[in-house]
Amino acid sequence: MTIKEGKIEIKRYWNVKTKECNDTFDEAKEKVRELLTDSVKRQMISDVKIATLLSGGLDSSLITAIVSKNQEDNLTTYSIDYEGNDKYFKKTDFTVSLDEHYIDVMSKTFDTVHKYKTITEDDLIKYLKESLYARDYPGMTDIESSLLWFSKEIAKDYKVILSGECADEFFGGYPWFYRKELNDRELFPWINNLEYRQSLLNEDLQKEINLKEIVEEEYINAINELPEEDRNKKDKRLFYINMTHFMQCLLDRKDRMTMYATLEARVPFADTKLVEYLWNLPFEYKYQNNTEKYLLREAFKGVIPDEVLNRKKNPYPKTHNPKFKEEVSKLLRKRLENKESKMYKIFNISEINKLLDENDENDILPWYRSANDKATANCLFI
């Protein structure tokens, strides 16, 4: 934005540009390795010591490996887990394994000083309200409260961290890039069941607000930002809306939670040089042999242990402890006891009560959530 003599001009200063790229797969591997390594090394520049987040997944492990190889002192790494997760964990299609084993492998391989941080269910709930203040508006509930707590723990010793966000958006890591039932969805493929979400509004608001129309308009506006020749290419559309919408949501969450805790989080995968290069590569390079982020894995073969390199994607760690669902449900029921609550002016209370009473999984849950995460939906209302 430029303001000059009472006139305001707003213009976008950067975007991806489509151009011809004839690099072979082997050439692309070398280029990706070079670009990501360069990005990490530039992000390492700091007046204070830096640490990295290490979940034992591909993205954070690559950043940890590059940092470790490019600094003299032993790198400090951090991970978060939840009270009782080893006891209550259940494997799903999206959360396929716990992190600890893979973290140990990485920490031993690169001789890092690893610090495990375990949040209690009480703190997870306690930080829900503070994370709302940090966000400035309703957000992603438990994964924000846990990140805020985690950031405060790290900030006791470090003020700059490197994190692995944004690899999935650019390397095709999310299931809607390759799973047909998600890939074929209209509009934003990560949004489930708008009709159900609409039903959560009270009758008056349902007459005023049409969620599907709002989402459609947002999607069309985003696609129209693309050059005409790219609008009919599914891989380009997916890349673009993931960059401008899904990724922005995650980065906003990361920035607000960390900065509220006086911690600076840097994300080397969100580097313009790397993104510009990936934009013009065929999607076939990124997904092969039923393997997401295939190009990224191949580019860094031999850099990190194979069992980490080939580990299937896991989302940000979440609680599996049933105590969380029980406690947030209690908080919501207590809130509903107040008939003067603004909730009654906004929401369809009978539908919220159904949400509290049902035990089965509902389509309101995000693509990576399990049935136990009905508690997350409850968090939105407390």
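Some observations on this one:
- For Asp81, the residues 5 or more places off, or on other chains, whose built amide H falls under 5 Å of its own are Lys117, Thr118, Ile119.
- Shape of the chain, Cα gyration tensor, a/c cut at 1.5: oblate
- Förster radius 45 Å - calculated FRET efficiency between Arg42 and Ile220 (Cβ-Cβ, nearest 0.05): 0.80
- Calculated mean residue ellipticity, 222 nm, the chain: -13500 deg cm²/dmol, from DSSP H runs (n ≥ 4) at -39500 (n - 2.57) each, averaged per residue and rounded to 500.
- Label zone of Trp14 (point 7 Å out along Cα→Cβ, amide N under 12 Å): in segment 265-293 this covers 267-277.
- Computed label-point distance, nm, for sites Gln248 and Glu337 using a 7 Å Cα→Cβ extension: 4.2 nm
- 18 Å Cα-Cα threshold exceeded, pairs from Lys129/Lys152; Lys254/Lys312; Lys19/Lys233; Lys126/Lys334: Lys254/Lys312
Rule-based calculations on the coordinates, nothing more; no lab input. It should be emphasised that the depicted structure is a prediction, and the values quoted were computed from it without experimental measurement. Note: ideal-geometry Cβ built from the backbone for every residue, glycine included; neighbour counts use all protein chains shown.
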